[in-house]
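The values are calculated or read from the model by the stated rules, or taken from the named source; none is laboratory data. Remember, predicted model here, so these are calculated numbers, not experimental data. Counting neighbours? That spans all protein chains shown, and the Cβs are built from the backbone with ideal geometry, glycine included. Quick note on the areas: whole protein, heavy atoms, side chains included, nothing else; ligands and nucleic acids left out. Shrake-Rupley method; radii C 1.70, N 1.55, O 1.52, S 1.80 Å.
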Amino acid sequence: MRNVVVVGAGPAGLAAARAAAVAGAQVTLLDAADGLGGQYWRHLPADRPAAREGVLHHRWATFGGLSDVLRAHPAVTVLPSAQVWSLERLDGGVRLNVLLGEPDGAGRSARTFEPDALVLATGAHDRTLPFPGWQLPGVCSAGAAQALAKGEWVAVGRRVVVAGAGPFLLPVAASLLRTGATVVGVHEAGRVGALARGWLSRPWELAGAAGKAGELAGYVRDLVRHSVPWRPGEAVVAAHGDGQVEAVTVARLDERWAPVAGTERVVEADAACVSHGFTPRLELAIAAGCALAPSRFVVVDDSQATSVPGVWAAGELTGIGGADAALAEGAVAGTAAAGGDTGAAAARRAVRARDRARGFAARIEAAHGVGGGWTGWLRDDTVVCRCEETTYGRVREVVELTGSHETRSVKLTSRAGLGPCQARMCGRTLQELLGDPTPSVDRRPLVVPVRLGDLAALRSAAPTPAAPRPGGDRT
Amino acid sequence: MTSYRLPAELDPARPAADSPLTIRVDGEPVTGAAGQTIAGVLLGAGRRQWRTTADGAPRGVFCGIGVCFDCLVEVNGLRDVRACLRRAQDGDVVARQGGSEATA
């Protein structure tokens, strides 16, 4: 029997685990969170169940069905609170090093897995471009506002501005409304022309993705009902306040996302939720050696196989396509990883659903892709690296002093990207500011920081894992 | 107050009754509900910043999903715990951090 490990229990990972089990594999599903569902189906924890949990969710019944099947299936082991902290390549396979227990806890128990097949479904996190004042408390990513609303019914503020780019801003605004916040406005950087090119071209292709279109239409209805203005071609270009955000400056953008002088206006708000798209969580895929496309997504074939034998990928790792695509890709990947026949009827349906849903990723990029003019809202004192508090001016100074446009070199001198988040927040930004196309910024041998005590315990307790390098390769 | 938690009676998801908990934050009691993260308890009580950077700037939650490490706090004597991921336990002692040097 094939032994399949699935990493990530969002839509893609859940679908992969079920498909692999159905195809006859022994399946282990790992997720760092203490519940299933990933960010998309983030929900109240088991010790605070809700009668109508689904009001904040789409396809809640799909999630219920998947998690019920997985928890009941004799060939499936669900391991929550399982943080994969590194992946080693072995001859003909991989080894996952995992810590089980509370996030960032001390004394977590260590496990290793050497599966016959690995499905990576690690998802994505939001990307926020820096702007003056974005480090103030009260400014957060749109994903944070969403996670707190869905997971805890906490609103990040009472008068909230939502800004950035992409369809994700709509469910975030809807969640804020449902937690009772006032959404002052939703500011979408994409201008009407780009949005129309992305979303209105080849409308017949959208027919196959009616679920997604219906979901978005529902959010738009929420905004209309609450008289929330949705403004394309605008951005939050600064946040202001003494110790926390009290107001933001909104400006119109040109088609390259450069702020248009003279269009700035100050909007009172006690929170700003800002995201400009998503970036895939690539650590394990890169550690496994998976080939990446120039767009920085994992390259997969029709069966979701990566370039590394025995490793499949599904969901946002392979392109930002949303939950429909993730569910379909997961089903294909799980079937293939289990050695099942992706030409069989059920798998063929999943392949067709995947191909329809994939069109969405291209549309999102065409309509909402980051425009290079955004650097026009930076000032010399704008924090670029939140961890090390490196400013835009300092990055420019280092470039001038060293003559280097290489991200690694600029990081080492300016310290941008060397903090605890390991450049997850600023890495892409630095590369764009420097015009550096080399992909080193996503390479992180340690997926999360690990306590030195845990590493020491691993060495004495478990003979299998090779000694990690505690300092990591911080390039 | 800026951030807040929707009272259970107004919650359209109709959750089961809250099981309250109290944590101590820099010596002060802060109440929340079982199942909340430490960040959620703090935000629910209107507290939005609980860390000081090396340059002296206040920080709280930013990414909300464990990626940015802005929300680090000391919990029961252990530093560098991501407040957005860690579920609060009744009686947890939470202390402000002035930076992050303890992790590899």
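Just a few scattered comments:
- Here the range B:52-94 is the region considered, the condition is being outside any loop (DSSP other than H, G, I, E, B) and open to solvent by 30 Å² or more (accessible area, probe 1.4 Å), and the residue that is farthest from the other protein chains (Cβ to nearest Cβ) is B:93.
- Residue match in the range A:36-51 (condition: within 13 Å of another protein chain (Cβ to nearest Cβ), farther than 26 Å from residue A:342 by Cα and part of a strand (DSSP E or B)): yes
- Against the criterion of being open to solvent by 30 Å² or more (accessible area, probe 1.4 Å) and assigned to a helix (DSSP H, G or I), residue A:172 does not qualify.
- Meets criteria (among the polar types (S, T, N, Q), facing chain A (nearest Cβ under 7 Å) and open to solvent by 10 Å² or more (accessible area, probe 1.4 Å)) for residue B:49: yes
- Some residue of the range A:391-410 being open to solvent by less than 50 Å² (accessible area, probe 1.4 Å), at pLDDT 85 or above and closer than 30 Å to residue A:96 by Cα: yes
- Hits in the range A:159-201 (condition: within 14 Å of chain B (Cβ to nearest Cβ) and over 24 Å from the mean Cα position of the chain (by Cα)): A:159, A:180, A:181, A:182, A:184
- Just one of (1) touching a helix residue (DSSP H, G or I) at 6+ places or on another chain (Cβ under 7 Å); (2) surrounded by fewer than 20 Cβ atoms within 10 Å (Cβ to Cβ); (3) under 23 Å from residue B:33 (Cβ atoms) fails for residue A:179. It is (2).
- Count of the range B:17-44 residues, restricted to those that are free of Cβ contacts under 8 Å to residues at least 40 places away in the same chain, assigned to a loop (DSSP other than H, G, I, E, B) and surrounded by 13 or more Cβ atoms within 10 Å (Cβ to Cβ), is 1.
- From the list A:340, A:369, A:315, A:376, the one residue that fits, being modelled with pLDDT of 80 or more, small (Gly, Ala, Ser), open to solvent by 10 Å² or more (accessible area, probe 1.4 Å) and within 19 Å of the chain's Cα centre (by Cα), is A:369.
- Sole residue being touching a strand residue (DSSP E or B) at 6+ places or on another chain (Cβ under 8 Å), at pLDDT 80 or above and under 22 Å from residue A:404 (Cα atoms), chosen from A:435, A:419, A:427: A:419
- Test: residue in the range A:82-101 that is β-branched (Val, Ile, Thr), surrounded by fewer than 18 Cβ atoms within 10 Å (Cβ to Cβ) and not assigned by TED's automatic domain parsing to the domain that holds residue A:218: no
- Restricting attention to the range A:92-111, the residues being in a strand (DSSP E or B) and either within 16 Å of residue B:85 (Cβ to Cβ) or in contact (Cβ under 8 Å) with a residue 24 or more places away in the chain (or both) number 10.
- Sole exception among (1) under 28 Å from residue A:216 (Cα atoms); (2) touching a helix residue (DSSP H, G or I) at 6+ places or on another chain (Cβ under 8 Å) for residue A:52, by number: (2)
- Enumeration of residues in the range A:123-152 that are out of contact with any strand residue (DSSP E or B) (no Cβ under 6 Å at 6 or more places or on another chain), farther than 15 Å from residue B:59 by Cα, within 13 Å of another protein chain (Cβ to nearest Cβ) and not in a strand (DSSP E or B): A:123, A:146, A:147, A:149, A:150, A:151, A:152
- Within the range A:188-210, one or more residues are modelled with pLDDT of 85 or more and part of a strand (DSSP E or B).
Here's the yes/no breakdown for (1) open to solvent by 50 Å² or more (accessible area, probe 1.4 Å); (2) within 25 Å of residue A:135 (Cα to Cα):
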| site | (1), (2) |
| --- | --- |
| A:220 | yes, no |
| A:223 | no, no |
| A:230 | yes, yes |
| A:239 | no, yes |
| A:243 | no, yes |
| A:250 | no, yes |
| A:258 | no, yes |
